[in-house]
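The values are calculated or read from the model by the stated rules, or taken from the named source; none is laboratory data. Remember, it's a predicted structure, so these values are computed and weren't measured experimentally. Quick reminder, even Gly has a Cβ in these numbers, built from the backbone with ideal geometry, and neighbours come from all protein chains shown.
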């Protein structure tokens, strides 16, 4: 769960997880309901965040235009059709996101019962 534009979610979900429905929202109401935290400006310069940015840049990922509330941390969730959370990853700092492979593995386990 992140803050973004629908076209960005569509582009990446089609690329990495075409069989999974991914959603996003422009506000932070859903983030608050899911218990996602906010970070401080000082935390943006903490060691884990700096390392995360260096690792991303080394792999060819550079940040695009910043949108939304820059202080809200992200999370990744798998929610079943009954609204039950089957997998949750709460980011502890900027860049602490579950990898696509971890999310897909969790999804496969959920689907297999």
Selection within the stretch 50-79 - in contact with a helix residue (DSSP H, G or I) (Cβ under 7 Å, 6 or more places away or on another chain) and at pLDDT below 90
72
Just wondering, is there one or more residues in the stretch 42-59 that are surrounded by 11 or more Cβ atoms within 10 Å (Cβ to Cβ) and within 17 Å of residue 104 (Cα to Cα)?
no
Among the residues of the stretch 87-102, write down those that are out of contact with any strand residue (DSSP E or B) (no Cβ under 8 Å at 6 or more places or on another chain) and in contact (Cβ under 8 Å) with a residue 12 or more places away in the chain.
92, 93, 94, 95, 96, 100
Of (1) part of a strand (DSSP E or B); (2) under 14 Å from the mean Cα position of the chain (by Cα), residue 86 satisfies all except one. Which?
(2)
With the structure loaded, tell me whether residue 105 is out of contact with any strand residue (DSSP E or B) (no Cβ under 6 Å at 6 or more places or on another chain) and either assigned to a strand (DSSP E or B) or free of Cβ contacts under 8 Å to residues at least 24 places away in the same chain (or both) or whether it fails that test.
yes
